[in-house]
1. Under 29 Å from the Cα of Lys105, which lysines turn up, not counting those fewer than eight places away in the same chain?
2. Tell me, what is the FRET efficiency for Arg202 and Lys401 to the nearest 0.05, using R0 = 30 angstrom and their Cβ-Cβ distance as r?
3. Provide the gained length on full extension for the span Asp92 to Ile364, in nm with one decimal, where the gain is 0.36 nm per separating residue minus the Cα-Cα distance.
4. Can you list, bin by bin at 20 Å, the percent of alpha carbon pairs in the chain, starting at 0?
5. Starting with the fewest neighbours, write out Ile259, Ile298, Ile328 ranked by other beta-carbon atoms found within 10 Å of each beta-carbon.
6. Give the peptides 369-378, 395-404, 65-74 in descending order of average Cβ contacts within 10 Å, highest first.
7. Counting other beta carbons within 10 Å of each Cβ, put Val41, Val387 in order, fewest first.
8. Between Lys219 and Asp176, how many nm apart are label points set 7 Å from Cα along the C-beta direction?
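No lab work stands behind these numbers, since they all come straight from the coordinates. Remember, predicted model here, so these are calculated numbers, not experimental data. When we count neighbours, we look across all protein chains shown, and the Cβ atoms used for this are built from the backbone with ideal geometry, even at glycine.
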Amino acid sequence: MSAPISSFAFTGRSHLLSGWLAAVAALAVLTPASAADSDDVHAAEKIGKVEDIYDGTLLPDDAVATFRNIDRLFPTRAIRAGGTVLPLPKSDKPLGNVTFEVEGKKNDLYDFMALDSITALLVLKDGEVAYETYQRGNTDKTRWMSMSVAKSITSTLAAIAIKEGLLAGLDASVADYVPALKGSAYDGTSVRDVLMMSSGVRWNETYTDPASDRRALLKSQMSQVPGSAMKLMASLPRAAEPGTVNNYSTGETQVLSEIVRGAIKKPLADYLSEKIWVPFGMEADASWWLDSPDGHEIGGSGISATLRDYGRFGLFFLNEGKIGGTSILPDGWTKEASRPTLLKDGSKLDYGYMWWTGWTTPSIADGAYAAIGIQGQNIYINPAKNVVIVTFGAQPKPTGKEPIDPLIFFDAVAAALD
C-alpha cells in the first residue's frame, strides 16, 4: 500500500475525558460477543477465493461477502476478548455532513462513502461515537478483513515485547530470533530495519502480478506448509545495504511476526488477546490467519475484527498504549512509530514503524497517521484533535481505486469536529 495512494490526558480536554472515564467506571461487566456471532449472520454467503481478492476479479456483492468471511479462506486462531468492554458512548455533538474539495470539485460524506466503496464508517471524538454507519449488510457484529492494517498491529506487538524485555530492542538482530533466516540476506539486518521496511532485501509487492514476490508469499500461505514463508524470505537476494532504502514489503511484516513469536514464545493471537484485546476491553473475539493448521500468524494481513474493536485499537494507540493508567509500550513509542523515520544517510522516510505518516497538509500539521490496508481499510489517528476514524472498504482492485483520497476526507472530519 502506498500513500496517495484507558485513561486519556489531552491538553484542554480533561473535563470531557473525566466524564468519559466516569462513564466507564459506572458500567457493569458486559459479556463479549464471540466470533460465532458474526459467522452466524454471514456464514451462508457465497465467497470468492483469495486469489480473486488480489487479482481484483470479484463482483461487488461477492467482494463484500468475501471480505467479511476471510476466516473461511484459511485456518485461523482466535483473538479472545473477555472481561469488561470499553464503552463507546454516543457523542452529544454528532458529526453532520462534511464537505471538502478534491481537485477543485466539491464533495461530501455521501460522495466519499459511495465513490470509495466504503461499507462501514466509525468516527470517534474524545472516545465517543460522533458517527457510525454500516452498509451492504454489515452490522456492528460483522468482522471485516484488516489487510495491511494488521501490519500496524504486529508492529505494536513487537513494541510490547520490547517493553517486557522479551525482545532486545530496535537494534536486535533479526537472525537471533528467526533461525530460519541465518545465512540469508536478512543476516546483518536489525528489528528497526524491518519495522521501517528498509532491510535491503529485494521485494516486489505488486498484488496483481502472479510473478511478484507478494504473490509468491500468498502461494506459500495457500500451501499451508509450515515454514514455507520463511523459506521464501530466506531465498531472496540483497538489493541494498540494510537501512539505506525503503521498499514496501508484506514479506518484511511476516519476518517481523516471526521475530515477535521467537521473542515471546507463544502465538501472536494469544499475545494480542492477553496484552490488548482483554485488558483494553475489546467487545468481540477476532481471528487471525495462520500459515498452516495450528501454525504461525500472517503478520501482514488476515486479522478479522469488528468496526468498533478496530476503533478501540485506535484509541489504545492514541492513548499511548495506556491500560489502567500505565503504558504497556516503550516510552515515546507511539510518537516515534507514527512519525517520519530516518534512513542511515539521514534522509527522511515518510513512513514510521509500519504506520503511514500523514501526507496532506492538515494531517502533517496535526501529526496524524494511519494503519492502511488495500481495498479501503483504514484506522486514522489524529492526536492533535483526539479523533480516530475507521473504515471498511470493498474497492474493486487492491490499489488505485480510491477516487477520493481518504486522508482528505479524514482531515475534513477532524476539522469539523474540532
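1. Excluding near neighbours in sequence, the set is Lys93, Lys125, Lys385, Lys397, Lys401.
2. Between Arg202 and Lys401 the formula returns 0.65.
3. 95.1 nm
4. 28, 62, 10
5. Numbers: Ile259 28, Ile298 25, Ile328 20.
Placing the least packed residue first, the sequence is Ile328, Ile298, Ile259.
6. The packing order, highest mean first, is 369-378, 65-74, 395-404.
7. Lowest to highest Cβ neighbour count: Val41, Val387.
8. A separation of 3.5 nm, rounded to one decimal place.
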